[in-house]
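Structure incoming, see below.
The values are calculated or read from the model by the stated rules, or taken from the named source; none is laboratory data. This structure is a prediction, so every number in the text was calculated from the model and none was measured. When we count neighbours, we look across all protein chains shown, and the Cβ atoms used for this are built from the backbone with ideal geometry, even at glycine. When the accessible area is computed, the model is the full protein with side chains, heavy atoms only, and any ligands, DNA or RNA have been set aside. Shrake-Rupley method; radii C 1.70, N 1.55, O 1.52, S 1.80 Å.
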Amino acid sequence: MASFLLDPGVIFLNHGSFGATPVEILAVQQDLRERMEREPVDFLVRQLPGLLAAARERAARFVGARPQDLVFVPNATAGVGAVLRSLALRPGDELLTTNHRYNAVFQAMRREAGRAGARVLEARIPWPVQDPAALSQAVLAGIGPRTRLLVVDQITSPTGLILPVEDIVAGARARGVAVLVDGAHAPGQVDLDLARLGADWWVGNLHKWVCAPKGAALLWTAPEHQGQARPPVTSHGADLGYHPEFDWPGTFDPTAWLAAPAAMDLHEAEGGPALRAAHHALVQAGRLLLSEALARPLPHPDDPRLYGSMAAISVGLPASQALALHTALWTQHRIEVPVSPFEDEAVLRISGFALYNRPEDYEALAAVLPGCVAALQVRG
Ligand SMILES: Cc1ncc(COP(=O)(O)O)c(C=O)c1O
């Protein structure tokens, strides 16, 4: 079974933010680093193209894509930035996202839109929500005659909701709108079949739920857009095609990308879908405990179409106290769990990673959470 360097003195309920990499995978990365340092020129110039092609082939199998449609990027933020830079936006164009979007992605959209005289709009997704169909309807209702691009999360960051991206992509494309699926949390949390999804672009992190070393993510681009694809930085591969554009971003450490296949192998050896189901079972039980402890309702029914390895609950504090609760849980109880401002509420999100989380982790949180919330309510 995989082992982790996680501090045993911390109750770690935030796999979602940055993942955690097993020691076995760190060892693979370290071997690659030592190979690189024995002969940097040979490694980076002669060996890297073949190693990268092999890693891309493995990644393509993992996400249900063709290798020619995939490139590695350091993270989802870089992938989203690349897509936004590839668009020729015009004044008056609209970029659409949702109110559950990730802030860094929203900022990139805002800046890119601002440069072109375009603007960013948010479709409002219901939360609490009962049914996945309500989610796709809400997103598609935001599309207007000027919408050029929809950026939609496959799994939302503050609320851990799985969005029905297959229906959303089909609906948007039927309305003539291009779609970037932000799948930052998707690899290793939900089944992927990118070729079937039929989006225009998709980005996904490997350093979250696949547990690759940090700095490993994928960008998938539909063939018709690959000629316009612009990487995060312009380098030797400029205008030489999709893969050359991205494969050499300047001198860098490619070992996170090259170690990612070992992380995919480990994910599958640990059960693949069964591992993901075990993550879900932890979260399913954990969110019930929190709901009982806080005497607050859960935001959606127990439907695996709506959440996977993360789940959120509104704790009964205003958004302005999210950081204070997060800090109290960490400093007073050594519990690492994100609490985000979402709309006007403070929302706590638990993760479940079956290779190191145990039911007791959620019991520990449920035992102290009501007290922490009450203390902040008193302070106002
Ligand atoms: C929906 C979403 N998009 C993008 C990102 C950014 O990921 P990264 O920091 O790896 O670029 C995150 C990170 O949690 C996310 O949740």
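Would you please name the residue that is farthest from I313 (Cα to Cα), looking only at residues in the range 119-132 that are outside any loop (DSSP other than H, G, I, E, B) and within 22 Å of the chain's Cα centre (by Cα)?
V120
Considering each residue of the range 98-118, count those that are within 10 Å of the ligand (Cβ to nearest atom) and not in a helix (DSSP H, G or I), and give that number.
So the count comes out to 3.
Among A195, A184, A138, which is out of contact with any Ser or Thr (no Cβ under 9 Å at 6 or more places or on another chain) and open to solvent by 10 Å² or more (accessible area, probe 1.4 Å)?
A195
Additional query: Considering only residues of the range 141-168 that are among the β-branched types (V, I, T) and away from the ligand (no atom under 16 Å from the Cβ), which is most open to solvent (accessible area, probe 1.4 Å)?
The selected residue is I143.
Taking the range 317-335 only, how many residues are touching a helix residue (DSSP H, G or I) at 6+ places or on another chain (Cβ under 6 Å) and either open to solvent by 30 Å² or more (accessible area, probe 1.4 Å) or in the same structural domain as A186 (by TED's automatic domain parsing) (or both)?
Result for the range 317-335: 2.
Same structure again: Please find, among D200, D182, D253, D265, the residue that is in contact with an Asp or Glu (Cβ under 7 Å, 6 or more places away or on another chain) and either more than 16 Å from the ligand (Cβ to nearest atom) or not assigned by TED's automatic domain parsing to the domain that holds S351 (or both).
Criteria check complete, one pass: D182.
To continue, here is another question. Within the range 62-104, which residues are aliphatic (A, V, I, L, M), under 15 Å from the mean Cα position of the chain (by Cα) and within 13 Å of G204 (Cα to Cα)?
V63, V73, A76, A78, V80, listed by residue number.
Would you confirm, using the coordinates I've provided, whether V45 is in the same structural domain as A199 (by TED's automatic domain parsing), β-branched (V, I, T), open to solvent by 80 Å² or more (accessible area, probe 1.4 Å) and more than 16 Å from the ligand (Cβ to nearest atom)?
So V45 fits the description; yes.
Could I ask something else about it? May I ask you to say which residue of A78, A82 is within 16 Å of the ligand (Cβ to nearest atom), modelled with pLDDT of 95 or more and open to solvent by less than 10 Å² (accessible area, probe 1.4 Å)?
A82
Condition first: touching a Ser or Thr at 6+ places or on another chain (Cβ under 7 Å) and closer than 17 Å to T147 by Cα. Now tell me which residues in the range 112-135 satisfy that.
Listed by number, the residues that qualify are V120, E122, A123.
Follow-up question, since we're still on this one. Only one of P132, P126 is more than 16 Å from the ligand (Cβ to nearest atom), buried (at least 17 other Cβ atoms within 10 Å of the Cβ) and either within 18 Å of V177 (Cα to Cα) or not hydrophobic (A, V, I, L, M, F, W, C) (or both); which?
P132
Is it true that T255 is β-branched (V, I, T) and either more than 23 Å from the chain's Cα centre (by Cα) or open to solvent by 30 Å² or more (accessible area, probe 1.4 Å) (or both)?
So T255 fails the test.
Going by what's in this entry, would F4 be described as open to solvent by less than 50 Å² (accessible area, probe 1.4 Å), touching a Pro at 6+ places or on another chain (Cβ under 9 Å), among the aromatic types (F, W, Y) and under 23 Å from A311 (Cα atoms)?
yes
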